[in-house]
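The values are calculated or read from the model by the stated rules, or taken from the named source; none is laboratory data. Small disclaimer: the values here were computed from a predicted structure and weren't measured. Using ideal geometry, Cβ is built from the backbone for each residue, glycine included, and neighbour counts are taken over all protein chains shown.
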Amino acid sequence: MTSVSTSRTAMPIDEFAPSAPARQKAAARPLRWLWLAVAAAVLVYLPFVLHDRAILGYRLSNIQLLNVGLAQLNLTLIAVLGAVSLNYLTGCAGLVSIGHAAFFAVGAMAAAATGAQLGLPFLVSLVAALIAGAAAGVLAGLPSLRVRGLYFVLSTMALHFIVVFAFSEYQYAAFDVFGISYPQPAIGPFALDSALKWYFFLLPIVVLCCLACNYSLKHREGRALLAVRDNEQAASSSGIDVRVLRLKAFAFSSAIASLAGALQAYYLTTVSTELYSLNLAISFIAMIIIGGMGSIAGGVVGALVWLLLPSVLTGFAGELGAAGGGLAKIFVEHRPQVVNLIFGSLVAVLLIFAPGGIVGAARKLTKLVRPGAEA
Amino acid sequence: MLVQFLLTGLALGSIYGLVALGFAVIYKAERVFNFAQGILMVCGAYLAYTATTQLGLPFPVAVIVIIAAAALLGIVIQFLFIRPLSGQPLLPVIMITIALSIILKALIEILYGVQPKPLATSLPTGVLILGDVRLSQLNLTAAVVSWVCMGVFFAFFRFTKAGLLMRATADSHEAAILSGVNVNRINAGAWAIGTILAVIGGVFLGQIQLASTELEHIGLLALPAVVIGGLQSIPGAIVGGILVGVIEQLASGYISPKARDVFIYIPLLIMLLVRPWGLFGNRELGRV
Amino acid sequence: MAATDNPILRVDGLQMRFGGLTALDNVSFTAGEGEVTAVIGPNGAGKTTLFNCITGMYRASAGRVSFAGQDISGFAPHRVARAGMARTFQNLALFPGLNVRDNLLVGAYRHGASGLIEGAVLGPRARREQAAAEDRAAEILEFLGIPELAEAMPGELPYGRQKQVEFGRVLMQDARMILLDEPMAGMSRPEKTLMVALIRNVRHRYGVSFLVVEHDMPVIMDISDHIVVLDFGRKIADGPPAKVQQDPAVIAAYLGSEEAGQAVFAGAA
Amino acid sequence: MARCADGTHAARRFLAVAGAALSLSLGFSSSQALAFESPQDGVYEDRIDWGVTGDMSGPAAGSQHPWVKGFQSRMHLVNEKGGINGRQINVLAEDTRYDAPSERIAYEKFASQTPVLGMSGMGNSSAQTALVPMINRLKVPVVGTYTTAKASVEPTNPLIYGGFCGFKQMAQVGVGHFANSLKLDKPKVATVHLDVASGVEFNGYMDEAVKKLGGTNVSIPIKVVAADATPQVLALLDAKPDFVAIHGVATTSLLVLKAMQQYGVDVPSFAITYLGTPSVYQSVGEAAGKNYHFVSCFTPASAASPEAAADLIAQAEKDGHGALQDDINFVAGWVVAGLVAEAITEAGEEPTREKLVEILNDGFELPASGLSSKLVYTSKDHEGLKVLQPIGYDYATKKFKSFGDYADFEQYVN
């Protein structure tokens, strides 16, 4: 209590000696850059591996590449946007939503109106999707001013059905029964006409969105969101306007989801109303449960597992072929069902035994192994 | 035409109401919003297929087998999936019921295959003609059975010790624990009842159509039903079910089948905003 | 100095009814600028209800609250906080998902203006505010004597420490008045001594006014300048500690009999 | 640091673990990797890879799953008889859950990841429409689609070949046959259809076919997850049609038929091909089912001549699909696999995707086999199976029965 400052305002930085953890952090910096470089290198090289089906000239079998392809990776990147934005909303802001697929639909509609109907450039229609998503997010968040908990969840579900209805009316009125077809996306003269180009277009968007979510949580209003999630009373008595902040979080999250929806629509070239089912919304919830609620990494990991694991399982089932006995035979015969069964069970087991999802479990493990490591 | 729609809606709504009632019982007991209610209904259709077609049991015996199996299923589900999560926040509990529905659907498809199965129960199939109005005897039977089930259920709650205990437990978990009630057993009982009600609904829907996992989507109409009626309210679930049935008929009949969802979910949204506790629920809940 | 000379908080005829139950019945008092005002009373006297009405958690059925010259009756909690009033909660209100430093940083919310997007894109204002808040948090942790706990999660800390963290968050708000709801409850004797010292320190250094609900009589008598006594939602006494301590109505309210009541206050005399 | 805010650490850790797993799996099998053969078009020394996509666990699984099984059974038979030019046909089946993204993933997988000579299936018309640009780019031929989207055949795409009866022909044959046999001039028709893309499309073809005869068609939509068809049947009563066309899934058509019976709407009806399964007839019962037909370019085993159906029945039993042998979708899969086998055979000793396309595009014909009508591809028309016949069900013998020969109904198709 001897080192207390006498001024009421914060002390200038140089007068303040860094505390022990802060110093440790500074020492860890070079290692951190190394890690980032390695990660970047992997992310840049990965699509070429999947495209050429080889690493450094060594041809790899499909199963060695875990039965994963580039199209899948691109769709996974788009799903990462969905999962991360839902995790921002649900895990970080504490607003459970089963209407996340609706924002994908909103993005696809915004892109259809601007890109397909008005013929505006691709990037413009992505911006339109962001704006439409934010606006729709505010609308979807309005019930949070009146109801909470389960009732709020149900309002998002109601919203889902209403948006899907609007989408199908729009599709049938303005487009073909088979769906809305989007023009070839291009950035200036550069057309996104191959899976590789798409990957390198999507990757920075996804990384930036993840970083944006992450940074926002480390600053004033983002942190306030976490506070609201953890204890609404204490948060509001710290001067946080809970209602407005929730709407902002909703707009932020759904803008990203809507962007993802527009990207998905362009990527698939044609989308129809059936794509935006309640199952899609549920799959995003499953992703954040699997990955881990309340962290950006959880959203990323969850989307990876949800989109890639089925093909890995299917791939191994294919390898199993006629080799195995009774159980293997069921697996091969009912492959899609067994994959679903494994997925449902995975979610249930994680919920019961590892409520923090894979990321939470990994954190616990590292804590056990290296008790001194960061929390 | 209006009378016809209303009556058919009433008959159909009775089935929804039955499923919704099962839903409300589970919710009341454990605050579990059960997204697996739809697939539990599907289980009913397949249980009926097994009992009548595969095992060839006479219908009355089949009914007993189906009900016993449903009760067992409910208890097993409560033990394996729900009990470990008791006291957890909203989302994990919702999600585990979704996981449960994925698991059950996969198991059904592995056991029975993905093709729908025709049900051959000895339920009546004829038509009842009342003036201009025609009601299928099957729908009518479904409605009557639903009402009988609801009646039995009320009697159970009002007059039996187990029912009283359940009500007491639903009102206050702590008080029940303090007075030595085995809450786990009560909750398992609620799941058994909820599953039985869903399964009975499933037998009828399976008979009206086919035993197919796609019936799940029809079963999920119990969700808006129960919310419109009031999550906490047993009569609310039934009224909500009937309302959903009638809205469905009127929307399909006068506007378009596609409009059904908006005509169910827009009132739901309005209801949530204006009167979140539903038509019959208690006020205390869910407001900011 | 008498509270009425220079009041920062003026409560006027406050009334709170829940259904048929009257939790606060026409309560009026004032709290002086730079003073420690205590609210005492037996269990169920309406102390926490009073706090909740003042801070906007409850909307009072009748009556006015003015704070630093501003009428804050009917303000939502965040507006009360922004007006310069901070509070702690009876049963601790920390953010379990945030570590100690972040818990404190939330307290700095009202001093910033940067939004979600500014944080997301690392806008200059967001970074500036963040740096300022972090410095302030480090300073306060130092002041509380727990700089080594910055990275700890609140759930890992003993109760007394958690209370300190909550106090720290309140300090981050740089409020003109701090409402403490049972700050000593569940604390050990040394922890209580520390807390008393903290309150004194803050008051003297920064001139912050306090409104305190507390059961520990010796502590109350020790730190307060002014005491308000509630019983069954009504104010039964109001004055400096020495006077209130002698008030027969207060003593009776506490233990039903004057002798037993005197014993309660004896330690503080 | 906040639990929520600390993303980068866990992400980093995840990448590390993933990297480790990848390198482990590489090291584990690097010896094999060197010797790994990589044929572009899925043709190996001893086998040919062929892709199949279908909904095996989603909303259309009830009809597409039997189709995949039928395809696989036929290929088992082909393989048991020694394969094609000494190579076994290896069917790679992908479950696409009636989902456009999954269909996309599967197609790209067939292009390069597990390269195939060609593929069949693709039973979601929206997904198919979405895939047309991708098919034009990656050039894996699609031989035998389970449903043929308009965008796939108009304009004629050298890479896409229909393998199912078209909605247009279903409408033409159904309308033509009923107008003729009921001796109707200007028929009044009602079409009950799902309110999804294919239903709206079918209704459009019905409009066209009926208009040609100077008649009228009323569209009556129904929802996929309907639990009751009273509104639809009341609309039917209102329209007083001479006959009814039904587009839907098994559950909805059952509802419609039962409700028709309940209201005593005793008019003949015909359904689209996909509904030709015994279970529909069995659950609807004889009273309502005797006047109900479906139109199809495939013949269910029980309606075909014993010789024509012998292989199918034997193989279905052998593969454990006995219950499916009379399912029209199983037959369709079986027929398409036959088409594929024939095309591969004609593509020669060393088939490639290019050769396959050449063979099919230059004029390709399969005669009516007893299980299907004749199939014709010309460079201008890739629809394939264009002649259909109405089929009914005989409740006494529990067998399907056709109303003549495919040739008898050719007149209605154009």
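Structure notes:
- Within the set C:Arg136, C:Arg161, the sole residue that is facing chain A (nearest Cβ under 7 Å) and in a helix (DSSP H, G or I) turns out to be C:Arg136.
- Here the helices (runs of 4 or more DSSP H) wholly within the stretch B:124-235 that include at least 1 residues being hydrophobic (A, V, I, L, M, F, W, C), more than 26 Å from D:Thr251 (Cβ to Cβ) and modelled with pLDDT under 90 are B:137-159, B:161-171, B:173-178, B:183-208.
- Check on C:Ala126, in a helix (DSSP H, G or I), of a type outside the set (Ser, Thr, Tyr) and facing chain A (nearest Cβ under 7 Å): yes
- Hey, D:Asn90 within 13 Å of chain A (Cβ to nearest Cβ), of a type in the set (S, T, N, Q) and touching a helix residue (DSSP H, G or I) at 6+ places or on another chain (Cβ under 8 Å) or not: no
- So D:Thr114, is it of a type in the set (Ser, Thr, Tyr) and buried (at least 24 other Cβ atoms within 10 Å of the Cβ): no
- The criterion of at least 3 residues that are farther than 27 Å from D:Val224 by Cβ is met by the following helices (runs of 4 or more DSSP H) wholly inside the stretch D:241-345: D:306-318.
Here's the yes/no breakdown for (1) part of a helix (DSSP H, G or I); (2) under 18 Å from C:Gly32 (Cα atoms):
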site: C:Arg169; (1), (2): yes, no
site: C:Ala175; (1), (2): no, yes
site: C:Leu180; (1), (2): no, yes
site: C:Met187; (1), (2): no, no
site: C:Glu191; (1), (2): yes, no
site: C:Ala197; (1), (2): yes, no
site: C:Arg200; (1), (2): yes, yes
site: C:Arg203; (1), (2): yes, yes
site: C:Leu211; (1), (2): no, yes
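- Once the stretch C:71-81 is narrowed to residues that are buried (at least 19 other Cβ atoms within 10 Å of the Cβ) and under 18 Å from A:Asn231 (Cβ atoms), the residue that is farthest from the other protein chains (Cβ to nearest Cβ) is C:Val80.
- The stretch D:246-274: number of residues that are out of contact with any Ser or Thr (no Cβ under 8 Å at 6 or more places or on another chain), facing chain B (nearest Cβ under 10 Å) and farther than 20 Å from D:Gly199 by Cα: 3
- So D:Asn291, is it touching a Pro at 6+ places or on another chain (Cβ under 6 Å) and away from chain B (no Cβ under 14 Å): yes
- Listed by first and then second residue, the pairs with beta-carbon distance under 7 Å, at least 6 apart or on different chains, first residue in the stretch C:19-35 and farther than 26 Å from C:Ile199 by Cα, second assigned to a strand (DSSP E or B) and of a type in the set (S, T, N, Q), are C:Leu24/C:Gln15; C:Asp25/C:Gln15; C:Asn26/C:Gln15.
- So B:Ile129, is it loosely packed, with under 14 Cβ neighbours inside 10 Å and closer than 30 Å to B:Tyr49 by Cα: yes
- Helices (runs of 4 or more DSSP H) enclosed by the stretch D:1-108 - at least 3 residues per element that are modelled with pLDDT of 90 or more: D:61-80, D:100-108
- Identification of strands (runs of 3 or more DSSP E) wholly contained in the stretch D:135-203 with 2 or more residues that are within 11 Å of another protein chain (Cβ to nearest Cβ) and within 21 Å of D:Pro241 (Cβ to Cβ) yields D:188-194.
- Single match in B:Pro124, B:Pro89 (criterion: exposed (fewer than 15 other Cβ atoms within 10 Å of the Cβ) and within 14 Å of chain A (Cβ to nearest Cβ)): B:Pro89
- Residue under evaluation A:Ile180, criteria (1) within 7 Å of another protein chain (Cβ to nearest Cβ); (2) outside any helix (DSSP H, G or I); (3) touching a residue at least 24 places away in the same chain (Cβ under 8 Å), criterion not met: (1)
- Filter result (more than 29 Å from A:Ser253 (Cβ to Cβ) and more than 9 Å from chain D (Cβ to nearest Cβ)) within the stretch A:53-86: A:Leu56, A:Gly57
- Residue that is surrounded by the fewest Cβ atoms within 10 Å (Cβ to Cβ), among those in the stretch D:383-414 that are of a type in the set (Gly, Ala, Ser) and outside any loop (DSSP other than H, G, I, E, B): D:Ala407
- Residues of the stretch C:139-151 that are buried (at least 18 other Cβ atoms within 10 Å of the Cβ) and either in contact (Cβ under 8 Å) with a residue 60 or more places away in the chain or more than 7 Å from chain A (Cβ to nearest Cβ) (or both): C:Ile140, C:Leu141, C:Leu144, C:Leu149.
- Any hit, the stretch A:263-274, residues being outside any helix (DSSP H, G or I), at pLDDT 85 or above and within 16 Å of the chain's Cα centre (by Cα): no
- Residue that is closer than 21 Å to A:Asn340 by Cβ, part of a helix (DSSP H, G or I) and of a type in the set (Val, Ile, Thr), where the choices are B:Ile75, B:Ile67, B:Ile110: B:Ile110
- Candidates C:Phe210, C:Phe167 - the one that is of a type outside the set (D, E, K, R) and closer than 19 Å to C:Leu9 by Cβ: C:Phe210
- Matching residues, the stretch A:131-167, being surrounded by fewer than 19 Cβ atoms within 10 Å (Cβ to Cβ) and more than 7 Å from every other protein chain (Cβ to nearest Cβ): A:Ile131, A:Ala135, A:Val138, A:Leu139, A:Leu142, A:Ala166
- Scan of the stretch C:161-193 for residues that are buried (at least 17 other Cβ atoms within 10 Å of the Cβ), farther than 19 Å from A:Ser238 by Cβ and in contact with a Gly (Cβ under 8 Å, 6 or more places away or on another chain), ordered by number: C:Met187, C:Glu191
- Taking the criterion of being over 11 Å from C:Leu180 (Cβ atoms) and assigned to a helix (DSSP H, G or I), the residues of the stretch C:221-231 that qualify are C:Met221, C:Asp222.
- Of all residues in the stretch C:102-115, those being surrounded by fewer than 24 Cβ atoms within 10 Å (Cβ to Cβ) and either modelled with pLDDT of 95 or more or not in a loop (DSSP other than H, G, I, E, B) (or both) number 2.
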